[in-house]
Structure formats: structure tokens, C-alpha cells
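Inspection log for the structure reproduced underneath, given as C-alpha cells.
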Amino acid sequence: MPEIDRAWISIDHKLFLWDYIDGCVSSSPPGFTVLFTKNASQELASFMDQPDVITHVALSKPKQGMFVDNIRHLLVICTPISVLLIGVALSPVPGSLNRKDLQLYATDLSISTDVEMGSVIGTDDGRIFMRGAQDGHLYEFHYQEKESWFGKRVYLIDHSRGAVQSLLPRFVATGSEGASLDILALTRLRSVQSVYYFS
């Protein structure tokens, strides 16, 4: 994740973040533990606040005005049965040219899924698109600040099935299964963003 100068690895339900520029992570937010490696100057931050195996992690920009100003990115953490968002804030470390202090914030934005998600792509305006691993459908993780009469705070839209069918449970929805995706890609050309999917 070059935007935050971190590499990630997961082992079962544990997520590890490593600062590959300096080899350090200086803060240990709630839910994260700092583990020391062979060299005392190298540290890993780990996240273990959810019980399911982590299958995919990606970084996305948040929707404008949704979080406090210092949250500039969201970690999108996918498991076989859920997707959750963690706020990411970076601040420069005094006396260091390249090092950034990482702070993570719980957002309480998560959703249960019956399809494992992968190939996560976030747009500059905070939209999050994912490819369903089993069905190849194009999903959008929609989140908003407050619940409304016509929408929950967090919900999953299946763009391969249509708007109304994607809001119904799978056993109620009828009709065609929708298109299957193999590749999900995002391009930025002259301030226009496009999400492409290839089958």
C-alpha cells in the first residue's frame, strides 16, 4: 500500500502492517499490538479485533466530510463472511524526512456478506467496488453517515444483478444471475475516473 508506506500480511484473523520505508510503526492504537522483530528498530502493528480469516485488504479514500479531517484513507478488510472499514490517519514524525506515524480508528462500518470479496478498488470520491470471489459479480460497499428512511448506514449493492434485486436476500431474488467478472480495474484519465470490469 504505497499511499501509506505499509505492506500487509494476514495470518488467519490477524492483520500485520509493516512500515517498509523505515521499518517501524510507532503507535499502537486500540485493537493493535506492536510486535518486535529480530532488529529492535523494526516493529509490526497487528490488528486482531475480528474473529474471521482475513482474505483481502485494500486501501481506499474516504467519502468527503464523513470522518474527522485527519482520516485520509480507509483500510477495507475482507473476510469470507464480512467486509469492514478501518480509518487510517498519517502524521509526519518530527525529525524524520520519510517516516509517518500511523493511527487507526474504528469506524463501526461493517457488513455481513454471503459472498467472499476480493479485487477491492476505491475511487477518489470514496466509493468502494469489489469483485465477488464465488460469483464474479461487481459489488459496491455503500456507506453513509446516518441511516435514512430509504437506506441503511451500510449496505452492499450487487451491480451485476440490478438495483432492486441486489437489495433483496438471495433466496428471494429471481431472474438471471448477472454478469461474471474476471478482472476489476480503475483508471484515472484527465480527472475522470472509470471502473472497468472484464469477463
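Here, each number is a calculation from the coordinates, and none is a lab measurement. None of the values given here were measured: they were computed from a predicted structure. In this analysis, Cβ positions are derived from the backbone assuming ideal geometry, glycine residues included, and neighbour counts consider all displayed protein chains.
Remarks
- Taking 0.36 nm per residue of separation and subtracting the Cα-Cα distance, full extension of the segment from V68 to D101 would add 10.2 nm.
- Peptide packing for 127-135, 98-106 was compared via the average number of neighbouring C-beta atoms within 10 Å per residue; ordered from the highest value, the list is 127-135, 98-106.
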